[in-house]
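The values are calculated or read from the model by the stated rules, or taken from the named source; none is laboratory data. Since the structure is predicted, the reported quantities are computational estimates derived from the model, not experimental observations. Note that we place each Cβ from the backbone using ideal geometry, even for glycine, and neighbour counts take in every protein chain shown.
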């Protein structure tokens, strides 16, 4: 029997990646844990192993495509128990395998309904069954015959309203959301993200609301059920049919006894009956969206949400059983505060049709670009201030040249960045706030007792920021060696997610290219970043001692431009000036490092 | 506990479970509190003429019933001799102890307790007519209305006769009548009917709806209905009271309805328990911005603030369900809102309801009846007490526990229990619903053996088995989701 292999969880906050390389092809016999493909995520390039062994039957993805967690990658034919599956069993089958995503269930043939289930036989599109409607890609505009499906916005089992967007499609002109012409429950999705679809192609099937969704097609079971259970579920509707009305007549609908018309001749028809009328909240269920009562969260968590002004229905749950935790609410508060800022809405700006004015070319953003774009978008919410200063590195330069050979012998390069790392580590011990983070939801400052510092590395794919661990515990030579090694790995895509996490501060050195001062952008959730420009020989006026005027002489000094951007919510200007001065003085007198750092 | 910065002044009108809970919290938060009520001590209907005295009497009734039941276990007692004065004394003692305790708590918190009635002069000014004489005009930053409810009177039925009582009169235990007609098969009528039946009265119940406890799920009511058939003289369903006339030696009642056997009967006493209505006719309320709905309840928002920003309303007067525990929760919410706590909101997922009959019935959250009315897809996991070791040892196997579960998320949405002790057992289900527990959470929590609480765990287990699944009609399932 064949199973669908879907893209597994890749780690915290990683939900998608670019397929760099496919490592298997149809017909390949693969072992469990054998790498299937190479995926470049925001954080790193990873190899995705196979969850089981078997023969590759079909590959659903192609190189260059963006994959999301849960998306079907390929179908795998298991070794022995292949083709001869009893028909009855097959009917109950799709749930466990297709359990992960709608895409998966779509890829593995439409979910067949058990024969016993009269109301919603799942046949192909256009079978003419009452209540089941096929939704096809409508005309998108003049001269547009097809598009790339960017995203499926609904999943099997969803109740959709007329005009609710169901897919996002990218045509040569624009990315558009395609609205549903029908209302009902999605019973089947015939397309998947990344696929090219033509006008008129089937997108999905909806059944009108009165109908039952085929149990086998339900994608969102929290835990896969045993086969027995699945079969039991499949059998339900049949039993339901035999028992059309449960205890009919016995249970009067609530409210009948509330109606004054039913009451005996009473002078006070407004009176309540003696029975406590437990009008509880779970009953409320608006047609669209979640009601607060549908949200799984403890009273204390709901209270926290109210306290910090968060609509609990907007919070994404990570807890067991779909429960919303304290941390979920806090995270949501952080994120929504960022997205609530005007800058965050920028991507939604409609683009003009640039092709009107000449030839254009569209290039997909790679994962690094996307990550940078997103990170910078977040950073926009931070009230930045940039403080500039110059450090006299004349003496340091002499030392650097003197010891550079030693560093090279060890395989490193004694660069300004390596020295800056050590100096910043020292400064962070004196000024711990520059390594802090802000927890706005809790109204707390998080101080970190470790000194891991990110270093911006320019690669052909874009900016990558590997993190050097425990900088305070390493000497400059060790740092120069590690820096060279990390930069090399960054350029060769050999960094793992762990190499990019945990930084408390970032250094970006553009001096190798040129320029003086610039305004680096903070790498949130950090609160400060140091930008280094190119050092230049400049005339520095030395006043004669004892003179009160402009008596003295100019001296050539090697000055290093330093730009410190900081988050003004947590750091004040005076602190920043002190911090930067401390850095500048450390560059001028490296001895200070051993003295204070 | 966050204290309020400046000393706010607040008045609470009505010292029932909602009012005194509000007053005490307000005092603890540093507010200057005035609590106004007619009774000598806080307590309200619940403590003086409601929950508490009825439970004292029901405890005695249970003992009487139990000792009669003991004959089947080989233990016989002579039929009980009832010293009505002493029984009344026990009940009054219970009430006195609890209300006196509340008076103490109120003094310790430096709450100003005024015995009297309040009238609004404007949104923030009250004129309190004191019971001891004299009036006082007082101004407050905020006022909380906790005036409660009172029994409904039916004209032509609630006639002016000592033989026709409401719940307050019945709790006074004037005598043990030979026969008693309970008009209204709701929880008050059934609880008091149970007391009088145990004391030896021939109790008849008349209910215009086709079943007792209208609105409650039928499967929960069934074991009670069966027991009441035996312990009461008659249960007349689908029957209305056409007229009530006092005559020498009794009350003559005429019945009306398709199932009436005897058109007229004479009873020693009649208890009218057809419901309660809010006490929202407060003097001078029209001088404020407070609004009422068609049924006389004061309209409030989630913080229990009325249409007048200075005035809050809680408890029975602010809407159903009219239950003490709902009122005290609301009282705390209102005070927190006044204190400026942003998290304060009345948003319960489940309010437990308990009927203290024999057997007890308790439920919380979504009921099957509600789910059916709303066409909401649910699954019901039942566990019959005949399979509970503890129930068998009590020789009370008619009970049943059921969980109402969302088939999609497997979250517990509601629960219902019938059987001795159901009122105590339901609390676990309330917590489970509030915590958004899923069926497996309950299943995986070890419950003590041998106790009735195991029936909750085993109901959850039965959700995962096949035998106890109750399948809803296909049409009801499609609309959910």
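Overview of values
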| item | result |
| --- | --- |
| Checklist (1) at pLDDT 90 or above; (2) part of a helix (DSSP H, G or I); (3) more than 8 Å from every other protein chain (Cβ to nearest Cβ) applied to residue B:448, failing item | (2) |
| Evaluation of residue B:347 against (1) under 30 Å from residue B:66 (Cα atoms); (2) not assigned by TED's automatic domain parsing to the domain that holds residue B:20 (one fails), failing number | (1) |
| Sole exception among (1) away from chain B (no Cβ under 14 Å); (2) out of contact with any strand residue (DSSP E or B) (no Cβ under 6 Å at 6 or more places or on another chain); (3) modelled with pLDDT under 85 for residue A:359, by number | (3) |
| Number of the exception - residue A:526 against (1) part of a loop (DSSP other than H, G, I, E, B); (2) within 22 Å of residue A:10 (Cβ to Cβ); (3) at pLDDT 90 or above | (2) |
| Only one of B:253, B:266, B:270 that is within 29 Å of residue B:161 (Cβ to Cβ), modelled with pLDDT of 95 or more, surrounded by fewer than 17 Cβ atoms within 10 Å (Cβ to Cβ) and not assigned by TED's automatic domain parsing to the domain that holds residue B:423 | B:266 |
| Residues located in the range B:169-192, provided they are within 14 Å of chain A (Cβ to nearest Cβ) and touching a helix residue (DSSP H, G or I) at 6+ places or on another chain (Cβ under 8 Å) | B:170, B:182, B:183, B:188, B:190, B:191, B:192 |
| Boolean, residue B:344 is over 14 Å from the mean Cα position of the chain (by Cα), under 29 Å from residue B:228 (Cα atoms) and facing chain A (nearest Cβ under 10 Å) | no |
| Members of the range B:281-315 found to be within 30 Å of residue B:208 (Cβ to Cβ) and crowded, with 23+ Cβ neighbours inside 10 Å, listed by number | B:298, B:315 |
| Test result for residue A:320, facing chain B (nearest Cβ under 9 Å), modelled with pLDDT of 75 or more and surrounded by fewer than 16 Cβ atoms within 10 Å (Cβ to Cβ) | yes |
| Some residue of the range B:213-222 being touching a helix residue (DSSP H, G or I) at 6+ places or on another chain (Cβ under 6 Å), part of a loop (DSSP other than H, G, I, E, B) and within 18 Å of residue B:188 (Cβ to Cβ) | yes |
| Residue, farthest from the other protein chains (Cβ to nearest Cβ), within the range B:359-373, restricted to residues that are touching a helix residue (DSSP H, G or I) at 6+ places or on another chain (Cβ under 6 Å) and farther than 14 Å from residue B:427 by Cβ | B:359 |
| Criterion: within 24 Å of residue B:177 (Cβ to Cβ), touching a residue at least 24 places away in the same chain (Cβ under 8 Å) and in contact with a strand residue (DSSP E or B) (Cβ under 9 Å, 6 or more places away or on another chain) - qualifying residue of B:33, B:94, B:60, B:45 | B:45 |
| Qualifying residue in the range B:159-168 (condition: more than 9 Å from every other protein chain (Cβ to nearest Cβ) and part of a strand (DSSP E or B)) | yes |
| Residue that is surrounded by the fewest Cβ atoms within 10 Å (Cβ to Cβ) [pool: residues in the range B:321-354 that are over 19 Å from residue B:433 (Cβ atoms) and in contact with a strand residue (DSSP E or B) (Cβ under 9 Å, 6 or more places away or on another chain)] | B:337 |
| Test set (1) out of contact with any helix residue (DSSP H, G or I) (no Cβ under 6 Å at 6 or more places or on another chain); (2) surrounded by 24 or more Cβ atoms within 10 Å (Cβ to Cβ); (3) farther than 24 Å from residue B:13 by Cβ - residue B:386 fails condition number | (2) |
| Residues satisfying the stated conditions in the range B:412-432, i.e. within 19 Å of residue B:464 (Cβ to Cβ), within 14 Å of another protein chain (Cβ to nearest Cβ) and surrounded by fewer than 24 Cβ atoms within 10 Å (Cβ to Cβ) | none |
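Quick grid of which residues meet (1) touching a strand residue (DSSP E or B) at 6+ places or on another chain (Cβ under 8 Å); (2) without any contact (Cβ under 8 Å) to a residue 60 or more places away in the chain; (3) assigned to a helix (DSSP H, G or I):
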| position | (1), (2), (3) |
| --- | --- |
| A:395 | no, no, yes |
| A:414 | no, no, no |
| A:429 | no, no, yes |
| A:433 | yes, no, yes |
| A:438 | yes, no, no |
| A:445 | yes, no, no |
| A:484 | no, no, yes |
| A:487 | yes, yes, yes |
| A:493 | yes, no, no |
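For (1) surrounded by 13 or more Cβ atoms within 10 Å (Cβ to Cβ); (2) farther than 24 Å from residue A:560 by Cα; (3) under 32 Å from the mean Cα position of the chain (by Cα), each residue gets a yes or a no:
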{"position": "A:478", "(1), (2), (3)": "yes, no, no"}
{"position": "A:484", "(1), (2), (3)": "yes, no, yes"}
{"position": "A:488", "(1), (2), (3)": "no, yes, yes"}
{"position": "A:493", "(1), (2), (3)": "yes, yes, yes"}
{"position": "A:501", "(1), (2), (3)": "yes, yes, yes"}
{"position": "A:506", "(1), (2), (3)": "yes, no, yes"}
{"position": "A:509", "(1), (2), (3)": "yes, no, yes"}
{"position": "A:518", "(1), (2), (3)": "yes, no, yes"}
